[in-house]
Amino acid sequence: MRNKIIAANWKMNKDEYESKNLTYEILKYLNKTNNPSVYKILCVPFPFLNKIHNMCAGVNMIFVGAQNCSAFENGAYTGEVSSAMLKSLSILYAIVGHSERRIMFKESDDLILEKMKRLISKQIIPIYCCGEPFSERKKKNHIRYVLNQIEQSVCNLKKEEIKKIVIAYEPIWSIGTGITAELEDVQEMHFAIRKFIRLKYGSSVSKNLSLLYGGSVNPLNAKQIFDLPDVDGGLIGGASLKSQDFIDIVNSIN
Ligand code: PEP
């Protein structure tokens, strides 16, 4: 089944006190109204994973995720956080391949593939991000660019593994810019990704794949985006740092 998912990406924002406050505000609302068919995932900075996870324990359909994970199993990798460590905190989701990591930390498709394998081996669901720079869209090469990203990483997973990932399409030029992709462009790309996965792995995989859109989603544009036939939810950056905006976005999905 295609799960409806709204995932928050807090990035490197908020200290411990502010993180707890934001979570408290979100949970306060969810205690009153909580759509049980929508997965709500808070992807928070590593130091706060445990605390926020404990705060969310027992609240229906709210989960905590990491924003990254090491490609290595364990050992002398100073500063890295392994999938086993995440697993030991009962973390169920982790973002991988975000464009900020691809660009600033030079993460390659191969590295992202290794990270996904590590996560899946520990029953943690990767939220795999892909998306084109504006130059590729201008050349009308955006679909080929994104499908190539998926081919180089996701398509090296086994069929059983692909069933355990979520894909987030995030056009790079839309992230944090306030420029949202046109609705028809979002649907076009989501349709193309789902079709690509169907041709490679069959409809049993593609029809159960949750495909999220990310890029300047806000309470005003969320509903129209989430109503698109191949969109199953969103990965939300800036707007997830404000409790009311995040809640309004959660409420925009049916
Ligand atoms: C993101 O960073 O994944 C993102 C979608 O950010 P924003 O919503 O701020 O564009």
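The values are calculated or read from the model by the stated rules, or taken from the named source; none is laboratory data. Being a predicted model, the structure only gives us computed values, none of them experimental. Neighbour counts are summed over all protein chains in view; Cβ atoms, including those assigned to glycine, are modelled from backbone coordinates with ideal geometry. Just the protein is used for accessible areas: all its heavy atoms, side chains included, with ligands, DNA and RNA removed. Shrake-Rupley method; radii C 1.70, N 1.55, O 1.52, S 1.80 Å.
The table below lists the values:
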quantity: Segment 113-168: Lys pairs at Cα distance under 14 angstrom, eight or more positions apart or on different chains; calculated: 6
quantity: Three semi-axes of the equivalent ellipsoid, segment 1-144, Cα gyration tensor, whole Å, largest first; calculated: 27, 20, 15
quantity: Length released on extending from N254 to E184, taking residue separation times 0.36 nm less the Cα-Cα span; calculated: 23.2 nm
quantity: In Hz, Karplus ³J(HN,Hα) per residue of segment 48-54 (6.51, -1.76, 1.60; θ = phi - 60°; x = Gly, Pro); calculated: 9, 3, 5, 4, 5, 4, 5
quantity: Segment D227-N54, extension gain: residue separation times 0.36 nm, minus the distance between their alpha carbons; calculated: 59.0 nm
quantity: Per residue accessible area in Å² of the chain, where ligands, DNA and RNA are left out and the probe is 1.4 Å; calculated: 46
quantity: Built amide H within the under 5 Å cut-off of F63, gap 5+; calculated: K40, I41, L42
quantity: MRE, 222 nm, helices only [DSSP H, n ≥ 4, -39500 (n - 2.57), over the chain, to nearest 500]; calculated: -11500 deg cm²/dmol
quantity: Carbon + sulfur, % of accessible area of the chain - ligands and nucleic acids excluded, 1.4 Å; calculated: 53
quantity: Accessible surface of K164 - all protein chains present, 1.4 Å probe, nearest 10 Å²; calculated: 100
quantity: Approximate spin-label separation M104-K140, in nm, with each point projected 7 Å along Cα-to-Cβ; calculated: 3.5
quantity: Sites excluded, GluC sites (Glu not before Pro) in DSSP loops with at most 14 other C-beta within 10 Å, longest stretch of the chain; calculated: 81-181
quantity: Spin-label zone in segment 236-254 - amide nitrogen under 17 Å from a point set 7 Å from the Cα of E25 along the C-beta vector; calculated: 236-251
quantity: Separation in nanometres of the label points that stand 7 Å from Cα toward Cβ, at R2 and K207; calculated: 1.2
quantity: Cα coordinate range in the chain, projected on the principal axes (Å, largest first); calculated: 46, 45, 34
quantity: Amide hydrogen neighbours beyond the local backbone of V96, cut-off 5 Å, H modeled; calculated: I127, Y128, C129
quantity: Cα-based reach from K32 at 26 Å (exclusive), listing lysines while leaving out same-chain residues under 8 positions away; calculated: K4, K14, K20, K40, K51, K223, K242
